[in-house]
Amino acid sequence: MHGANLGTLLRTCDAVGACLVVPPWGWVDEAVARGNTLRHPACVHRTGDPLRWLASERAAGSRILGVELADEAVRLADLPAARRRTVMVLGHEQTGIPPEALDLLDGAVEIPMVGTGASLNVAVAGSLVLYRLAGLL
């Protein structure tokens, strides 16, 4: 929803040794460039069709994990560190992961919330899960 979130996610990816994969939408390159405060080149991959890319990653053996409220979602505290290549999928802050992408997930992770909000900011949620997957939390 806000381009600044990509800069935050890019810095978190750098901190945990991950790469940021972004869709080919016009505003994305500008948002990544504006948000990149790292002093070195960042690991950013641009993908063509995001659904086709997810399907090819899954076919190549990557685990596809969505950060989404779902019936069988694993709580963040119970999520083990990634032991193989894992792709974390984040959705829109208001609408979540699109249904056609949900079909490509191997699993989902849920971040429990006690307050009245329905979700966290996408950069915050993504950062929490990235640190957990990296085994740093």
The one condition LEU65 fails out of (1) aliphatic (A, V, I, L, M); (2) buried (at least 18 other Cβ atoms within 10 Å of the Cβ); (3) assigned to a loop (DSSP other than H, G, I, E, B) is (3)
Somewhere in region 70-77, is a residue of a type in the set (Val, Ile, Thr), assigned to a helix (DSSP H, G or I) and either touching a helix residue (DSSP H, G or I) at 6+ places or on another chain (Cβ under 6 Å) or without any contact (Cβ under 8 Å) to a residue 60 or more places away in the chain (or both)?
no
By residue number, the members of region 32-57 that are over 20 Å from GLY96 (Cα atoms), touching a residue at least 24 places away in the same chain (Cβ under 8 Å) and assigned to a helix (DSSP H, G or I) are VAL32, ARG34, GLY35, GLU57
How many residues, within region 8-28, are free of Cβ contacts under 8 Å to residues at least 60 places away in the same chain and surrounded by 15 or more Cβ atoms within 10 Å (Cβ to Cβ)?
6
Please go through region 79-137 and give me each residue that is touching a helix residue (DSSP H, G or I) at 6+ places or on another chain (Cβ under 7 Å), in contact (Cβ under 8 Å) with a residue 60 or more places away in the chain and loosely packed, with under 15 Cβ neighbours inside 10 Å, ordered by number.
LEU136
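Every read-out reported here was derived from the displayed coordinates using simple, explicitly stated rules and does not represent laboratory data. Not measured: the values here are computed from a predicted model. No Cβ is skipped: glycine too gets one built from the backbone with ideal geometry, and neighbour counts run over all protein chains shown.
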